[in-house]
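First the structure, in the form of structure tokens, and then the observations on it.
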Amino acid sequence: MLTSSFDAVVPMICVALAALAVMAAEAFRGKNEKMPIGGLGIVGLVGAGIAAVLLWNRRSESFGVIAGDNFGLFITLVLVIVGILRMLFSGPVVERDGLPAGEYYALTLFAIVGMIMMATATDLLVIFVALEVLSLAVYTLTGIRRDSMAGTEAAFKYFLLGAFSSAFFLYGIAFAYGLSASTRLDVVGRYFAESATPDNPLALLAVGLLLVGFAFKISAVPFHQWTPDAYEGAPAVVTGFMSTGVKAAAFAAFARVFLSALYPMNTEWTPIVWLVAAATMIVGTVVGVVQTNLKRMLAYSSIAHAGYLLLGLVAAGANQDVGQIAKSAILFYLLTYAITNVAAFGVIAMLGSKARANDELRDYAGLGKTHPALAALMTVCLLSLAGIPPTAGFIGKWYIFTAAVGAGYYGLAIIGVLTSVVSVFFYTRIIVMMYMTERSETGALAPAPVVGMVALAISVVAIFYLGILPAQVMNLAAASIGTIF
Amino acid sequence: MPLLSLIVALPVAGALLLLLVGNADGRRDGFVRWIAMAASLAVFALTVLLWARFDPSSADYQFVERHAWIPAFGIDYHVGVDGISLMLVLLTGFLTPIALLSSWGSVAKQVKAFSIFMLVLEAAMLGVFVSVDLFLFYVFWDAMLIPMYFLIGIWGYDRRIYAAIKFMLYTMAGSVLMLVAILGLAWIHSEATGSYSFDLEKIQMLTLAPRTQFWFFLAFALAFAIKVPLFPFHTWLPDAHVQAPTAGSVILAGVLLKMGTYGLVRFAFPLFPEAATYFAPLLALLAVVGIVYGALVAMVQPDMKKLVAYSSVSHLGFVVLGIAAMNVNGWSGAVYQMLAHGVSTGGLFLMVGMLSDRRHTRLISEFGGLKGVMPRLTAVFLLITLSSIGLPGLNGFIGEFLIMLGAFRYDPRFVVVAGTGVILSAVYMLWLFQRVFYGPVTNPKNEKLPDLLPREWCALVPIVAMAILMGVLPNLFIRPTAPAVTKLVDRIHAVQGMHVEAKPAVAPIARQGN
């Protein structure tokens with residue numbers, strides 16, 4: 001073991017080493033030689049997972065800016081799960097589409113390093129650095145199919161708007177620094193608790209700019225416009241990663257900043273987040289209804305899910321007990337959503353071919369007959385996204401709504417449940433296609449690769465486990481909250 | 001022996017077993033059908049055992065099982081049955097094998113998936129009736145939607161997808177608001193006692209403010225009213241019933257609709273007695289409108305299945321009227337009518353399905369003079385028709401009679417209008433019977449129709465036997481429910497009385513209802 005001040009960065013180092021190993025392996029790989037590069041990534045991720053488990057409850061801290069608290073570790077574990085599932089889904093896809101394997105896996109792993117850093121950072125500047133690390137990797141991944149016009153366009157759009165939002169974020173940091181003379185969250189928090197008055201325009205500017213920056217990253221309305229285009233243009237495996245890993249990491253940092261450093265300003269930001277949450281839930285579901293491209297549909301669904309998370313954030317601003325429930329609800333929701341969404345995008349990725357993405361709704365017609373196992377597993381994922389028992393998605397939503405009702409936000413909870421009914425409509429459209437529509441075209445879809453099916457089966461088992469016996473993981477989530485806020 | 005858990009788990013076990021049977025080419029269809037049948041018959045045997053070991057003199061939950069599930073929120077796996085739920089468990093156990101049997105002739109594609117969904121559906125319905133924990137109840141309540149959605153959507157008739165989605169969205173829209181109310185109750189419990197609880201028995205101890213009761217009752221009642229369905233929330237029902245495969249319709253009409261009325265009896269009224277008293281006249285009014293409206297619309301239907309579907313709107317109106325009367329007669333009648341309607345409407349859907357299997361049409365005008373061609377079916381159809389109308393000596397009479405008795409005590413005006421519903425039901429059912437079975441054979445296609453097959457006999461004999469048994473020995477079914485009904489009705493009145501004395505402010509609300 002190294003000196004204790006390194007403890008908290010061990011998970012990151014594991015993943016980063018794996019990324020470097022991947023790059024080295026790529027350098028030694030013959031032109032068409034097959035090499036299980038993804039396996040290196042899985043080794044690194046498992047190492048990070050083990051490190052996170054060992055660090056549990058130790059409250060380690062590195063360099064004063066990275067905290068190995070349970071909150072960060074919980075998110076780290078979520079990211080590790082997302083990463084491993086993604087490696088499994090990627091293997092066959094990378095081979096099929098002829099993506100540059102070394103770059104693909106290395107960028108993915110570097111992005112995960114950025115995500116873990118973002119979830120564990122306790123300094124605004126480090127959060128920003130993490131944000132850039134993960135964003136640059138993900139921009140590149142979005143456009144990794146250089147022959148694809150849509151992919152290039154998506155990457156460019158994503159990059160421009162991402163850079164734009166980074167500027168907002170940085171501006172927010174500047175104001176916070178200007179007020180408190182520090183970028184460390186605890187110092188900023190102390191300043192806001194002691195000396196900020198609600199009518200101080202600089203304080204309001206700092207809060208507002210940071211809010212906009214985060215809202216971009218988690219694609220909350222009205223900063224969501226980039227999402228559908230970027231999600232649609234990127235390869236499906238990358239989209240699955242963007243919609244879960246990036247979102248989980250960004251939301252973790254969002255929650256950490258707003259519930260610790262900016263918590264004293266919560267009477268100011270709560271009404272705004274309330275509005276954003278309501279708009280995000282409504283726009284995400286209502287616009288999702290009319291989509292005919294599956295990736296676009298799931299893009300809007302992921303916007304709606306960001307809305308439910310924001311609902312949790314609003315409730316987390318409430319008094320002690322309910323606030324605790326809301327915070328652990330956010331963590332639990334992130335876990336359920338991440339597993340489900342990665343799996344759903346994995347299905348889309350597996351059904352694509354090199355020539356065609358096969359991600360239009362009509363491509364799924366008759367899937368229940370041609371790919372019965374795949375369709376059944378996809379159905380479970382969709383039902384979980386819709387929040388129907390006994391799946392993980394239901395428990396996640398229930399947990400969030402419990403917190404919202406407990407905090408007295410009945411209106412927001414009602415908007416939440418009603419939009420989830422609307423979302424049922426578009427998730428079931430996919431099910432209708434798979435099971436109740438005959439396949440008209442002759443173009444048969446390729447059978448799903450075994451590795452992907454295994455990953456999918458693991459996800460579905462996890463979905464049922466979290467849906468039927470959630471108590472233990474819920475306790476874990478609750479325990480991660482006590483340590484930081 | 002954890003009898004209730006066994007009853008709920010057995011169909012799931014059967015479904016899991018079926019998952020393991022490889023049947024991609026449909027060669028093992030027969031085997032699959034027998035496994036499903038064996039599982040559902042075993043469940044029925046267990047429900048009968050439950051009935052035999054049930055103590056009919058007690059009003060408490062029996063066969064109670066309780067295990068911590070999500071301790072942080074006081075959520076327990078808490079199941080138990082009182083007389084009311086016992087009867088509905090029995091009904092579910094009774095109808096599922098019959099519905100499965102009816103599918104042997106009509107469902108030919110994807111038999112394995114069909115059987116799995118039927119078994120999962122059965123488990124969810126049984127779960128709804130035995131849950132004493134609100135969270136557990138909601139989980140089963142919502143989980144039930146998925147298998148039914150697939151049953152309608154895959155094996156239904158022409159407009160099945162529309163019907164399936166409509167069914168799903170309507171039901172969910174109602175139930176999510178109930179979820180918010182359930183969460184609110186758990187929260188109020190935690191404020192009052194310091195700990196969360198979703199346990200029905202604990203939540204019943206709370207004293208809720210009238211305003212809270214008002215909103216929460218509305219949320220619960222809306223969920224149940226859509227399920228029943230109470231006029232004007234009934235529009236999903238004709239679509240779902242008509243498009244569903246026969247087995248789906250039997251379960252839909254036989255059991256699923258009762259989940260709505262059961263919810264009113266078990267949750268909405270006892271949890272929010274003051275609000276219930278306040279809203280009872282409105283519920284009774286809607287029920288009576290539904291009785292007459294359902295009957296009138298049924299009368300003009302050209303499609304047999306649609307006719308039976310609308311007759312359900314009318315019959316379920318009676319059940320709600322009985323519940324709104326809030327007295328022992330009304331509630332006993334309502335519970336009894338739930339069973340009776342399940343048996344007779346289940347039987348009607350079965351027979352309409354048999355005719356439609358033979359002729360691939362359900363239009364009344366396509367038939368006529370079947371009496372000469374299919375005398376046995378005619379006889380059974382007549383008997384079930386009479387039971388549906390409410391002929392004394394058969395199952396339909398007792399329930400309607402008790403409900404009217406109870407409603408008369410509550411407000412005679414409702415009974416006057418509801419009475420016309422009884423007459424109208426005789427009109428539409430007998431007219432249907434006349435057009436389909438009497439007269440000469442007008443359509444040559446009907447001349448050679450085979451009469452009841454042995455398999456169809458097996459499905460219909462239990463229905464007929466039950467219809468007669470319930471008519472001749474009604475006490476067999478009323479007696480076990482009596483203590484539970486009395487307890488719940490007393491509870492509603494006790495809370496009312498207490499508040500009238502303690503808080504004069506709510507007295508007008510209470511009086512309005514009487």
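Each reported figure results from applying straightforward, stated rules to the coordinates on display, with no laboratory input. Keep in mind that this is a model prediction, so the values were computed, not measured. Please note: Cβ atoms are built from the backbone with ideal geometry, for glycine as well, and neighbour counts cover all protein chains shown.
List of remarks:
- Note, ³J(HN,Hα) from phi for the range B:224-237, Karplus 6.51, -1.76, 1.60, rounded to Hz, x at Gly and Pro: 6, 5, 5, 6, 4, x, 8, 4, x, 9, 8, 5, 6, 5
- Amide proton proximity set for residue A:123, modelled H, under 5 Å, gap of 5+: A:185
- Cα-projected label distance for residue B:289 with residue B:16, points at 7 Å along beta-carbon direction, nm: 4.8 nm
- Put simply, the C-alpha atoms of the range A:4-482 give a gyration tensor, and the ellipsoid matching it has half-axes of 34, 26, 20 Å, longest first.
- In nm, spacing of pseudo-spin labels at residue B:5 and residue B:41 (7 Å Cα→C-beta vector): 2.8 nm
- R0 of 35 Å, Cβ-Cβ distance residue A:46-residue B:23: FRET efficiency to nearest 0.05: 0.35
- Neighbour counting of Cβ atoms within 10 Å sorts the residues A:321, B:158, A:123, fewest neighbours leading, into B:158, A:321, A:123.
- Length-normalised contact order for chain B - Cα pairs under 8 Å, 6+ apart - percent: 16 percent
- Candidates B:265, B:175, B:106 compared by Cα position along the dipole of chain B: farthest toward the positive end lies B:106, with charges placed on Cβ.
- Length available on full extension from residue B:441 to residue B:206: 0.36 nm per residue minus the Cα-Cα distance, which gives 78.2 nm.
- Amide H to amide H distances under 5 Å link residue A:60 with A:68, where only residues 5 or more positions off or on other chains count and H is placed in the peptide plane.
- Positive contributions from Lys and Arg (+1) and negative ones from Asp and Glu (-1), summed over other residues with Cβ under 13 Å from the Cβ of residue A:257, come out at +1.
- Remark: B:215, A:398, B:104 ranked as B:215, B:104, A:398, counting other beta-carbon atoms within 10 Å and listing the fewest first.
- Rounded to the nearest 20, the size of the Cβ-charge dipole of the range B:272-514 about its Cα centre is 280 debye, with Lys and Arg at +1 and Asp and Glu at -1.
- For residue B:133, the amide hydrogen comes within under 5 Å of the amide hydrogens of B:78, B:200, counting only partners 5 or more places away or on other chains and with H modelled in the peptide plane.
- In this calculation the C-beta distance from residue B:57 to residue B:162 is compared with R0 = 30 Å, giving a FRET efficiency of 0.05.
- Couplings for the range B:459-464, taken from phi via the Karplus curve 6.51 cos²θ - 1.76 cosθ + 1.60 with θ = phi - 60°, read 6, 8, 4, x, 5, 4 Hz in order; Gly and Pro are left as x.
- Label-zone membership for the range B:235-267, site residue B:106, 7 angstrom Cα→C-beta point, backbone N under 14 Å: B:240-254
- Non-local lysine pairs in chain B, meaning eight or more places apart or on different chains, with alpha-carbon distances under 24 Å, amount to 22.
- Sites residue B:465 and residue A:360 - FRET efficiency at Förster radius 51 Å, r taken between beta-carbons, to 0.05: 0.40
- Here the Karplus curve 6.51 cos²θ - 1.76 cosθ + 1.60, taken at θ = phi - 60°, turns the phi angles of the range B:25-38 into couplings of 9, x, 6, 9, 3, x, 4, 4, 4, 5, 4, 4, 4, 4 Hz, with x standing for Gly and Pro.
- Counting only DSSP H runs of at least 4 residues, each contributing -39500 (n - 2.57), and dividing by the residue count of the protein assembly as shown, the helix-based mean residue ellipticity at 222 nm comes to -25000 deg cm²/dmol.
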